[in-house]
1. So what's the chain giving for Cα Rg divided by 2.2 N^0.38 Å, two decimals?
2. Can you divide the C-alpha Rg of region 1-43 by 2.2 N^0.38 Å and report the result to two decimal places?
3. Per Stokes-Einstein, at 37 °C and 0.692 mPa s, what whole-number D in µm² s⁻¹ belongs to region 42-126, with the Kirkwood radius over Cα pairs as the hydrodynamic radius?
4. Can you divide the C-alpha Rg of region 1-101 by 2.2 N^0.38 Å and report the result to two decimal places?
5. Report the relative contact order of region 19-96, percent, no decimals, based on alpha-carbon pairs under 8 angstrom and at least 6 residues apart.
6. Could you check the simple spin-label distance between ARG166 and SER119, using points 7 Å along Cα→Cβ, in nm with one decimal?
7. Name the long-range amide H neighbours of ASP85: under 5 Å, sequence gap of 5 or more, or other chain; modelled H, no Pro or chain starts.
8. Cut-off is 10 Å between beta-carbons; in what order do HIS127, HIS145 appear when sorted fewest neighbours first?
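Every number in this text was worked out from the coordinates using simple rules, so none of it is lab data. Just so it is clear, the model here is predicted, and its values are computed rather than measured. Counting neighbours? That spans all protein chains shown, and the Cβs are built from the backbone with ideal geometry, glycine included.
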Amino acid sequence: MKYYILFGPPGAGKGTQAGAMAEKFNLRHISTGELLRGEIAAGTPLGLKAKALIDDGNLVPDEVVEGMIEDKFNTVTGVDGFLLDGFPRTEAQAVVLDEILGRRGEALSGVISIMIPDSMVMDRIRHRAEIEGRADDARDEVIRHRIETYHSKTEPLIAFYKSSGRYTEVDGTGTVEEVRERIFSIMK
Ligand code: AP5
Ligand code: MG
């Protein structure tokens, strides 16, 4: 099985690119953000707890998302692998992902990191707010806090994965199609 991480700051285009990648390589796209928004929409106890954290732009506890990922690995069938979007985003999650893969006798296939400048993050998310109505897109201060959280807690993973030799950066500026072609040329 293939296990890819789609990495990058909020608004980089992870969700936008994931569909075409998953289709082309027969991967299951797993977005922890989307799974959490599903729990919120369904009004589950987990969703109720996660909502306040997400709406303020904070991360949910590591154990919550780690459990979601392992559950998907255990239950999803009929694919050649997984495309992780928004996970891991702390060093603790990265270590647990390695442990989960180790228990399965598997290893990470690659980390594809979509890079855009912070100024573009703001523009893209403000634009998405008008279309999708995500609660965590509604206020500039929350978007700024998500960017800060990315820099403090998630960006350190770049060094973690660079040392594994399976880390590749993609320029996330330009059109959706241009970014997609850059990603496909790496995955081939
Ligand atoms: P999550 O849903 O993962 O949000 P995020 O990381 O902030 O990323 P986004 O979904 O905002 O960005 P994206 O890269 O998918 O961009 P998109 O493709 O939509 O997480 C939400 C929250 O859940 C977190 O804050 C946290 O609370 C919690 N959470 C999730 N995972 C967690 C974890 N592992 N641990 C703890 N907590 C966790 O693109 C953005 C916009 O730009 C769209 O409008 C799109 O159309 C547009 N766009 C994309 N590409 C282009 C382009 N090339 N040109 C022009 N526009 C473009
Ligand atoms: Mg997304």
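1. For the chain, the normalised Cα radius of gyration is 0.98.
2. So the Cα radius of gyration is 1.27 times the expected 2.2 N^0.38 Å.
3. 216 µm²/s
4. 1.05
5. Dividing the mean separation by the residue count of region 19-96 yields 44 percent.
6. 3.6 nm
7. For ASP85, whose amide H was placed from the backbone, the distant partners under 5 Å are LEU6, ILE30, SER31, THR32.
8. Exposure proxy ranking, most exposed first: HIS127, HIS145.
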